[in-house]
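To keep things clear, I will list the structure first and then write my remarks on it.
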Amino acid sequence: MSTAQIAPAIPHESAIGHVTGGARYTDELHMPAGVLSMMPVLSNCAHARIVWLDVSAARLADGVLDVITAADIPGENDTGAIAHDEPLLPTDTVEFYGQAVAWVVAQTEAQASAAAKLVRFELAPLTPILSFAEAKTAQAYHMAPKLMLRGDIEIDTALAQSEYRISDTFSSGAQDHFYLETHASWAYVDSESIVRVHASTQHPSETQHIVARVLALRSYDVIVSVVRMGGGFGGKETQANAFAALVALAAVRTGKPVRIKLKREHDMTLTGKRHPFQTDYHVGFDGTGRIQALRAVMVCDAGWSLDLSPPVLTRAMAHIDNAYFLPNVHLTGLMARTNKVSNTAFRGFGGPQGMLVIEEIISAIARTLDLAPERVRAHNFYGGADGSEANREETHYRQPVRDAGVNGISGALRMQRIWAKALTQGNFAARKLAVAAFNQQNTTRKRGLAITPVKFGISFNKVQYNQAGAHVLIYSDASVHVNHGGTEMGQGLHSKMLSVAARTLGISARHIKIMVTSTEKVPNTSATAASAGSDLNGQAVKNACQAILGRIYTLLRAHWGLTEAAIFRAQNDQIVSDCGRAMPFKDAVALTYDQRVSLAATGFYATPGLSWDMANNTGQPFYYFSCGAAVAEVEVDGYTGEWRLRAAHLVHDVGASLNPLIDIGQIEGGFVQGMGWLTMEELVWDANGRLRTIAPSTYKIPTISEVPEHEFSTTLLDNAEQPGVIYGSKAAGEPPLMLAISVREALRAAIAAYAKNTSNAPIKLACPSTPEAILTAIDTLRA
């Protein structure tokens, strides 16, 4: 790690609380006496007309204070984030199996649950749409198709002129967020008639607006606060809004504090997932494996309402290139309208689904030409295998990949540096020989090895969301409160903001306290998402701290009789001038207070240089690209399809890390979560549209036993400081998830070792690549 990247490895600010149980989450805060609980009344049909609904018996049940239906909503019955197409409670039709038709409010959770069973209703079933095929037949799509095009010649001509062509269909599955803390909110109306909501939400400002919309209030009538979340992963970006609106509505109606804490089965039934995708593709390439043309139709399963599906689809289309230059591209994007939960943001926000498609294609190309997949991958890199091809450095949506890194290193060459380091760190060449030797000696078990890259754009798709605010207060004893608009969900954002404030003010982090995120402190914030939390909020915090320091410097110039040319630095708990004068930070603060100068400031930041033409889907939507690569080795049992990860070596570019300890944790956690999505997390709906995998007993997520005990390493790219971002750091939240594609490709390599013939046909491997899917692929080869 270079000198520029060395930063204090400050432990997570809530680490001790996490391991001791001292950290408090939304439903564990000290609530007012007499708090009520809510329970849903779930529908038993995926698509139906509501004939009648009778809540009278439930209203008379023990402990029940209210039963809320659509008729009880005073404002707009809608919680849609983009389009107003998502009723908080249904009025005429049920749109997915398990949709709540009413909510019971009672003194205890047990009483609410018992009363929910007393609600009676009749549904007249309608024909549901539950698959991509059914959506295609019914032409059931949200919005018009999206197009993303690039090329000097018509795509069919480019394909026809290609030396080789492959056509296929590839599907990737859904994924449940499975955060440790399920959705939780509680609310009460204070003495000033302000509705105060404590929510487990990644987007407090949007939650504030949705609550106000439902209650027919102004934003200033609602305050939303977030102490911390026990995981979010995108699942609490928009989906928390409905639960916050429900408790707020119940609190207003009953005059008492009201809470919701979903049971795991309710959380999995009621909330959206990572979007499943189905892509039909036609790719043309030459004899070296270099892609010449790609036409693809990408369809995501949006579910019953839009939620965030349009930007998820856009990001998937923008990331179908991953790290590869595609000279001729014709992409069509569609959002299937199905009778399932409304799918939503999930770590990577469509990027992983797009990147999976191109990695599937690269694998097919390599097998067709009988070339090493790692060779084909490198040959298609932006800038070419050695980064020297400047004519191959623009994405299919017209954004240059080249950026000015440390010592002028381009963004394209950054990928080549990472690739080389991953090959070395993973001892790839020697490991490949060892794998081949093992496979030659064993018939029942085979090993596979793969290396895959990651190039992921950092910024929100929507330009307006790339802004942040902060509010910093320094008290007369030189202690500091930092307020910012980001939310903490275990990812270490607060810890990084602590580092930014300490570094900017030049003081020890022990003098600084990060405050609970609240809309009454910082308004109009963006969601903590898109991996931009540190970039945006860090710059806002820095801006506020610098504003206060500027006032202190002005005072010290006058106090010491210095000219305007005097330069000051805040470091080591002191304010130091270039003329040799110094004052302890604490004394400088006292002087500023005595002189009646403000020691509080707001900070603001808007990411510069972003643009996006929504009509043509072109522009520069990303401030920079975060890159990485991973080497994975697996071993597969040919009789059961069971497998284990023998080794994983990750290399990732986080710029000049704000906190290496936290960044490494994010990289490793993202990799494991991605591995779960790709290999074991299988969501199953039955023929009636009912989700059957609603608990850990039926839905498997990766555990510590899936991680190699010895060969699991993470290396941060050195000499990687990024210009124009907070202290040269780069995002580490979403990009590492896609490093797990290396595991799936290693599984494919192990499956290939079972082949009894020399056929170069692409290996079909379902996703998620469960043991059943692996065994199916092996049996197909054996046959």
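The values are calculated or read from the model by the stated rules, or taken from the named source; none is laboratory data. Source: prediction; values computed, not measured. Methodologically, a virtual Cβ is constructed for each residue, glycine included, from the backbone with ideal geometry; neighbour enumeration extends over all protein chains shown. Side chains are part of the model used for accessible areas, which takes the heavy atoms of the whole protein and leaves out ligands, DNA and RNA. Shrake-Rupley method; radii C 1.70, N 1.55, O 1.52, S 1.80 Å.
Going by the conditions given, is Y465 over 30 Å from A753 (Cβ atoms), in contact (Cβ under 8 Å) with a residue 12 or more places away in the chain, surrounded by fewer than 18 Cβ atoms within 10 Å (Cβ to Cβ) and of a type in the set (F, W, Y)? The answer is no for Y465. Checked against (1) of a type outside the set (V, I, T); (2) within 25 Å of A366 (Cα to Cα); (3) open to solvent by 10 Å² or more (accessible area, probe 1.4 Å), A158 meets all criteria but (3). Please go through region 583-609 and pick out each residue that is over 12 Å from I552 (Cα atoms) and surrounded by 18 or more Cβ atoms within 10 Å (Cβ to Cβ). Of everything in region 583-609, those that are over 12 Å from I552 (Cα atoms) and surrounded by 18 or more Cβ atoms within 10 Å (Cβ to Cβ) turn out to be A601, G603, Y605, T607. Being β-branched (V, I, T), assigned to a strand (DSSP E or B) and in contact with a strand residue (DSSP E or B) (Cβ under 9 Å, 6 or more places away or on another chain): is that true of V252 here? Answer is no for this residue.
The sole residue among V500, V516, V435, V454 that is crowded, with 23+ Cβ neighbours inside 10 Å, β-branched (V, I, T) and touching a strand residue (DSSP E or B) at 6+ places or on another chain (Cβ under 6 Å) is V454.
Restricting S759, S705 to those that are open to solvent by 20 Å² or more (accessible area, probe 1.4 Å), part of a helix (DSSP H, G or I) and free of Cβ contacts under 8 Å to residues at least 60 places away in the same chain reduces the list to S705.
Quick check on region 534-552. Is at least one of its residues modelled with pLDDT of 95 or more, of a type outside the set (S, T, N, Q), surrounded by 14 or more Cβ atoms within 10 Å (Cβ to Cβ) and at positive phi?
Within region 534-552 (the criterion being modelled with pLDDT of 95 or more, of a type outside the set (S, T, N, Q), surrounded by 14 or more Cβ atoms within 10 Å (Cβ to Cβ) and at positive phi), the answer is no, since none of the residues qualifies.
State whether one or more residues within region 171-181 are in contact with a strand residue (DSSP E or B) (Cβ under 7 Å, 6 or more places away or on another chain) and either farther than 30 Å from V41 by Cβ or open to solvent by 60 Å² or more (accessible area, probe 1.4 Å) (or both).
The answer is yes; a qualifying residue exists.
Taking region 560-582 as the search range and keeping residues that are aliphatic (A, V, I, L, M) and loosely packed, with under 14 Cβ neighbours inside 10 Å, which one is nearest to S476 (Cα to Cα)? Lay out the reasoning, then the answer.
Here is the first cut: in region 560-582, the residues aliphatic (A, V, I, L, M) are 562, 565-567, 570, 575-576, 582.
Okay, now just the ones that are also loosely packed, with under 14 Cβ neighbours inside 10 Å, so 565, 567.
Working: A565: 28, I567: 24 Å.
Filtering first and then ranking leaves I567.
Of all positions in region 636-653, at least one carries a residue that is outside any strand (DSSP E or B) and crowded, with 24+ Cβ neighbours inside 10 Å. Among the residues making up region 610-621, a single one is open to solvent by 50 Å² or more (accessible area, probe 1.4 Å), among the aliphatic types (A, V, I, L, M) and under 25 Å from the mean Cα position of the chain (by Cα): M614. Total residues in region 721-741 satisfying the condition of being of a type in the set (S, T, Y) and outside any strand (DSSP E or B): the figure is 1. Among strands (runs of 3 or more DSSP E) entirely within region 490-589, having at least 2 residues that are over 31 Å from the mean Cα position of the chain (by Cα) and either under 30 Å from A199 (Cα atoms) or among the β-branched types (V, I, T) (or both) singles out 574-577. Restricted to strands (runs of 3 or more DSSP E) entirely inside region 17-127, those with at least 1 residues that are on the phi < 0 side of the Ramachandran plot, touching a residue at least 24 places away in the same chain (Cβ under 8 Å) and open to solvent by 40 Å² or more (accessible area, probe 1.4 Å) are 36-42, 48-54, 64-68, 120-125.
Taken over region 654-671, the residue count meeting the criterion of being over 14 Å from V454 (Cβ atoms), open to solvent by less than 30 Å² (accessible area, probe 1.4 Å) and aliphatic (A, V, I, L, M) is 3.
For region 131-138, the criterion of being more than 30 Å from R392 (Cβ to Cβ), assigned to a loop (DSSP other than H, G, I, E, B) and touching a Lys or Arg at 6+ places or on another chain (Cβ under 7 Å) is met by none of the residues. Annotation note: of G486, G448, G492, the sole residue that is touching a residue at least 60 places away in the same chain (Cβ under 8 Å), open to solvent by less than 40 Å² (accessible area, probe 1.4 Å) and touching a strand residue (DSSP E or B) at 6+ places or on another chain (Cβ under 8 Å) is G448. Give just the number: which of (1) open to solvent by 20 Å² or more (accessible area, probe 1.4 Å); (2) aliphatic (A, V, I, L, M); (3) closer than 23 Å to T452 by Cα does L765 not satisfy? It is condition (1) that L765 fails. Scanning region 519-533 for residues that are surrounded by fewer than 24 Cβ atoms within 10 Å (Cβ to Cβ) and out of contact with any His (no Cβ under 7 Å at 6 or more places or on another chain) gives T519, E520, P523, N524. Against the conditions (1) under 20 Å from E359 (Cβ atoms); (2) more than 23 Å from the chain's Cα centre (by Cα); (3) modelled with pLDDT of 95 or more, N760 satisfies every one except (3).
So that you can scan it fast, the table gives a plain yes or no per residue for (1) open to solvent by less than 50 Å² (accessible area, probe 1.4 Å); (2) touching a residue at least 12 places away in the same chain (Cβ under 8 Å); (3) over 19 Å from V631 (Cα atoms); (4) not in a loop (DSSP other than H, G, I, E, B):
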| residue | (1), (2), (3), (4) |
| --- | --- |
| G689 | yes, yes, yes, no |
| A695 | yes, yes, yes, no |
| I701 | no, yes, yes, no |
| S713 | yes, yes, no, yes |
| N719 | no, yes, yes, no |
| V743 | yes, yes, no, yes |
| A746 | yes, yes, no, yes |
| I751 | yes, yes, no, yes |
| A755 | yes, yes, yes, no |
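Among residues of region 413-432 that are touching a residue at least 60 places away in the same chain (Cβ under 8 Å), those with a Cβ under 7 angstrom from a residue that is part of a helix (DSSP H, G or I), sequence gap 6+ or separate chain, pair up as W419/A378.
Taking region 258-329 as the region of interest, none of the strands (runs of 3 or more DSSP E) fully inside it holds 3 or more residues being small (G, A, S), open to solvent by 10 Å² or more (accessible area, probe 1.4 Å) and modelled with pLDDT of 95 or more.
Only one of these is within 26 Å of the chain's Cα centre (by Cα), over 30 Å from N688 (Cβ atoms) and surrounded by fewer than 24 Cβ atoms within 10 Å (Cβ to Cβ): E394, E359, E389. Name it.
After ruling out the rest, the residue left standing is E394.
Contact map, region 144-155: residues that are farther than 11 Å from H330 by Cα paired with residues that are of a type outside the set (V, I, T), Cβ distance under 6 Å, separation 6+ or inter-chain. Pairs shown: P145/L334.
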